[in-house]
Structures are given as C-alpha cells and as structure tokens.
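Following: one structure in structure tokens, then a few remarks.
The values are calculated or read from the model by the stated rules, or taken from the named source; none is laboratory data. On a predicted model such as this, the values are computed, not experimentally measured, just so you know. Cβ: placed from backbone, ideal geometry, glycine included. Neighbour counts: every protein chain shown.
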Ligand SMILES: Nc1ncnc2c1ncn2[C@@H]1O[C@H](COP(=O)(O)OP(=O)(O)OP(=O)(O)O)[C@@H](O)[C@H]1O
Ligand SMILES: [Mg+2]
C-alpha cells in the first residue's frame with residue numbers, strides 16, 4: 001500500500017512555493033545510502049520538524065542541506081535557487097544556518113567571542129552589534145555571562161549559545177539538530193519556548209530535527225517522520241501528535257515496545 005501521507009506540503013495542495021524545497025534527495029556514506037529519496041517543504045515563516053529515532057538520517061539530511069555533504073541525487077531548492085552540492089560557505093551566505101547536534105561551542109572562548117565568531121560572514125560592525133543585541137534579547141542569560149568562558153556554562157546555556165551563534169548570521173532559515181539532546185525536560189521547555197518566540201516574533205523559519213516528538217510537535221506547524229532514510233509520514237503537527245503511531249512510538253503513551261523499536265514499521269496504515 002502506498003504511503004499516501006508521505007508527500008511534501010506543496011504536493012498536498014499548498015500552491016505557494018516553499019522557502020526550502022527538497023525533492024527525491026539521496027545521500028550516501030560510501031556504499032551506505034543514508035538518505036533514500038527524501039522530499040519535504042519548509043514554507044517561509046513556518047516551523048517544520050523531522051522526527052526520527054537514532055540513525056534515521058536526520059543529521060545527514062541537515063548536512064546535505066547545508067552543503068557539508070553532497071547528495072548523489074535530488075534537488076534542494078532554496079528561495080527558487082538550486083543549491084544542492086554547493087559549498088557550505090555559499091549556502092551560509094544565502095541565509096541557511098545549521099545549529100549542529102551536541103551544542104558545539106568553543107569552550108575556552110567567552111560567550112562574546114563565540115558570538116563574534118558566529119558572525120563570520122558579516123563585516124558591518126553596526127549589523128554585528130545589532131545581531132548581538134537580538135541574541136541577548138532572546139537569551140538574557142548570555143548577556144549576563146558574556147565574559148564567561150563558554151565551557152563553564154551549563155548544558156542548557158551552551159545550547160542557547162549555539163543557537164545564538166547561529167542567529168548572529170541573521171539567517172533566513174535555521175536548521176536545528178536535536179536542540180533538546182541531553183537537556184532536562186525543564187531546560188528543553190525553556191529552549192523550545194524561545195524558539196517559538198523567535199518564530200512568532202522575529203518570523204524565523206526553522207527546520208528542527210528531533211527525537212523528542214512532544215516538544216517538537218508542540219512547536220512545529222508541520223511534521224515528517226523519518227525511518228531508515230525515508231519519510232514515512234507527513235502531516236500537520238497537530239494531527240501527527242494525535243495519531244496513534246506517534247502516540248505509541250514517540251510519545252510513549254502505551255506499554256508495548258520501547259521507543260525506537262521498529263515493529264511499528266510493519267503497520268500497513270499511517271493514520
Ligand atoms: N560518517 C559516517 N559513515 C558511515 N555511515 C554513517 C556516518 N554517519 C552516519 N552514518 C550512518 O547513516 C545513517 C544516518 O545517520 P544520521 O547520523 O544521519 O542519523 P540521525 O537520525 O541523525 O541519528 P541520531 O539521532 O543518532 O543523531 C545511520 O545508519 C548511520 O549509521
Ligand atoms: Mg543526528
């Protein structure tokens with residue numbers, strides 16, 4: 001039975017062109033096909049999430065978008081331009097910024113220095129100062145700790161700094177790789193609330209990949225589910241959150257099977 005729900009938004013009846021459109025993407029590690037024909041859309045001003053267990057291909061997908069990896073096949077269209085296979089610096093200049101998995105910051109540099117390095121494509125001082133103020137307005141704790149070495153910040157603050165560093169580039173879209181990873185539920189809530197404000201107040205478009213379906217679907221407008229390099233479900237975040245499969249396998253609302261167990265893949269329908 002075809003997985004009819006696994007279509008990108010625009011093919012599902014939305015006529016407007018999305019800011020980021022991915023079509024039939026395939027990415028390999030040597031002989032290993034990690035992304036197996038992925039198509040998805042991120043409309044401007046929206047938050048889209050890709051849910052998936054360990055090894056589903058989430059990070060590889062983001063790395064392919066940001067040019068760290070080259071796809072074998074498929075198209076990545078950003079703002080009407082094909083960008084697949086371009087160099088990372090060219091892609092960053094178009095306004096696509098990835099916040100990598102594992103909150104990478106420079107531990108021996110201060111918060112301020114980390115933010116300055118974030119603005120590496122910008123040379124206009126006023127613009128950089130303005131970006132820094134924007135970061136501090138969303139993450140006041142970073143302003144308080146601006147002279148502190150990043151390595152001495154808490155995990156949650158380091159994640160804030162990683163996001164803040166991405167914001168220094170004034171992106172048109174942010175690609176966030178598991179922002180909840182390793183954080184307490186409380187800190188995760190706090191960070192996702194800030195992401196929500198960034199979307200609603202600053203209009204920031206986001207593609208968020210997550211294993212934490214609850215917070216990701218609460219933030220997102222639309223969600224995709226990725227399994228072994230393929231998109232197996234696509235729906236509004238609201239409908240996904242209510243769906244039995246998501247409830248059972250991502251939100252832990254049933255006793256059978258641990259999250260990540262693949263038994264659910266054998267189900268024939270996705271509603
Ligand atoms: N450097 C690599 N060389 C070979 N295979 C890799 C490499 N990195 C990832 N893979 C494989 O590609 C697939 C997708 O990995 P990827 O890191 O994109 O998954 P993920 O969804 O981000 O997982 P996680 O939730 O653990 O971060 C996995 O099967 C993984 O083993
Ligand atoms: Mg990953």
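Numerical summary
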quantity	calculated
Single match in 133, 127, 104, 87 (criterion: over 12 Å from residue 169 (Cβ atoms) and modelled with pLDDT under 95)	104
Residue that is nearest to ligand 2 (Cβ to nearest atom) [pool: residues in the range 29-49 that are over 26 Å from residue 195 (Cα atoms) and either in contact (Cβ under 8 Å) with a residue 40 or more places away in the chain or touching a strand residue (DSSP E or B) at 6+ places or on another chain (Cβ under 6 Å) (or both)]	34
Selection from the range 198-214 of residues that are within 16 Å of ligand 1 (Cβ to nearest atom), within 20 Å of residue 41 (Cα to Cα) and either under 12 Å from the mean Cα position of the chain (by Cα) or surrounded by fewer than 23 Cβ atoms within 10 Å (Cβ to Cβ) (or both)	207, 208, 209, 210, 211
Of all residues in the range 50-101 being within 12 Å of ligand 2 (Cβ to nearest atom), surrounded by 19 or more Cβ atoms within 10 Å (Cβ to Cβ) and not in a strand (DSSP E or B), the one that is farthest from the chain's Cα centre (by Cα)	56
Qualifying residues in the range 1-49 (those that are modelled with pLDDT under 90 and in contact with a helix residue (DSSP H, G or I) (Cβ under 9 Å, 6 or more places away or on another chain)) - the one surrounded by the fewest Cβ atoms within 10 Å (Cβ to Cβ)	16
The range 200-212, residues that are within 15 Å of ligand 2 (Cβ to nearest atom) and at pLDDT 95 or above	207, 208, 209, 210
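Residues are listed down the side, and each one gets a yes or a no for (1) away from ligand 1 (no atom under 16 Å from the Cβ); (2) within 30 Å of residue 31 (Cβ to Cβ); (3) in contact (Cβ under 8 Å) with a residue 24 or more places away in the chain:
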site	(1), (2), (3)
80	yes, no, yes
84	yes, yes, yes
90	yes, yes, no
94	yes, no, yes
103	no, no, yes
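Per-residue answers, yes or no, for (1) within 16 Å of ligand 2 (Cβ to nearest atom); (2) outside any helix (DSSP H, G or I); (3) touching a residue at least 24 places away in the same chain (Cβ under 8 Å):
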{"site": "176", "(1), (2), (3)": "yes, yes, yes"}
{"site": "182", "(1), (2), (3)": "yes, yes, yes"}
{"site": "190", "(1), (2), (3)": "no, no, yes"}
{"site": "193", "(1), (2), (3)": "no, no, no"}
{"site": "198", "(1), (2), (3)": "no, no, yes"}
{"site": "223", "(1), (2), (3)": "no, yes, yes"}
{"site": "246", "(1), (2), (3)": "no, no, yes"}
